[in-house]
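Reviewing the structure listed below.
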């Protein structure tokens, strides 16, 4: 802890990068607001779930997403409306609960902030039972109204939108414990970016359109291959493949970009994503909550291509119903969406304005304010 004994514990998860990114954004906002405050982040699954159980859960999740997405989708939607507090609802968040309960015996924190639904359920249940001695907050990182995120024992649940808040309340969550803050992203996404200067910064031609191709999930490469196939037939367009962590995915994206070196490049993970997004006209990506939130804050229209089943379907709905993006499932549909937007500047501009209207660049600050009020620091 910090010298004055003031610390907040974040329970995160390394499934994708979104949970950790949200935590980093909140930590940044908290330390700006309270410089003496310390944030400690731990991976809930690594700390409290046994290695074999963790391996099995990870393997089953990744394989179901990649090989039988319909099976995962069926599970996701079957559990979406489980009655809160029911035996089935409680079973969804039993992993690691006993280990975390033992950890709580000597925990010196002012609050526990849950960035994943499994620790959210365990911590909220233990809080209601008096095992967790400090307030518990849950930060929802997708536009999802799903039982896995709903835990009445939590002192505060912070959600992405007012519609999600109403959905939680209708499902039985106490209204005074659910607050709309938005999905937390780094402060840099609130900063203005001059498009021409940003393009020059990344070696891009200011006079030609720029399309970003975002990372896929769990090392998949089909979406990147399809995006390359479509964009390689659009000679006036500059393309940047960005993000990605799996070795195979990085290798494939680098190889694809090398086929058109005069107008394509693979940049991997970069810290200046806010500026790269500011340089772009469009982004082709799956529908992760953090990526979507960052793009909307930048006013960047989205072509959501092959989103994951379940939680990303909620994000697709938020973007498309808000007029800030389009959905595609195959190369032909992606090609039609890309050519339709790039050939219609007025339509693209209107979509950018809709994205900006949906964006919530101050979400991390609002989350930080809520947490400061919750734990009284």
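The values are calculated or read from the model by the stated rules, or taken from the named source; none is laboratory data. Everything numeric in this text was worked out from a predicted model, so none of it was measured. Note: ideal-geometry Cβ built from the backbone for every residue, glycine included; neighbour counts use all protein chains shown.
Checked against (1) modelled with pLDDT of 95 or more; (2) out of contact with any strand residue (DSSP E or B) (no Cβ under 6 Å at 6 or more places or on another chain), residue 331 passes all but condition (1).
The single condition among (1) closer than 30 Å to residue 36 by Cβ; (2) out of contact with any strand residue (DSSP E or B) (no Cβ under 7 Å at 6 or more places or on another chain) that residue 370 does not satisfy is (2).
With respect to the stated conditions, residue 353 fails to be under 25 Å from residue 156 (Cα atoms) and either surrounded by fewer than 21 Cβ atoms within 10 Å (Cβ to Cβ) or in contact with a strand residue (DSSP E or B) (Cβ under 9 Å, 6 or more places away or on another chain) (or both). Residues of the range 285-304 that are touching a strand residue (DSSP E or B) at 6+ places or on another chain (Cβ under 7 Å) and at pLDDT 95 or above: 292, 295, 300, 301, 302, 303, 304. Counting only residues that are surrounded by fewer than 21 Cβ atoms within 10 Å (Cβ to Cβ) and under 28 Å from residue 310 (Cβ atoms), the range 252-269 holds 2 of them. The helices (runs of 4 or more DSSP H) located wholly in the range 283-377 that include 3 or more residues which are under 23 Å from residue 240 (Cβ atoms), without any contact (Cβ under 8 Å) to a residue 60 or more places away in the chain and not assigned by TED's automatic domain parsing to the domain that holds residue 160 occupy 331-342, 345-358. Assessment of the range 165-180 against the conditions (modelled with pLDDT of 95 or more, buried (at least 22 other Cβ atoms within 10 Å of the Cβ) and within 20 Å of residue 297 (Cα to Cα)) yields no matching residue. Taking the range 147-258 and the strands (runs of 3 or more DSSP E) fully enclosed by it, the elements with 1 or more residues that are in contact with a strand residue (DSSP E or B) (Cβ under 6 Å, 6 or more places away or on another chain) and within 19 Å of residue 276 (Cβ to Cβ) are at 210-213, 238-242.
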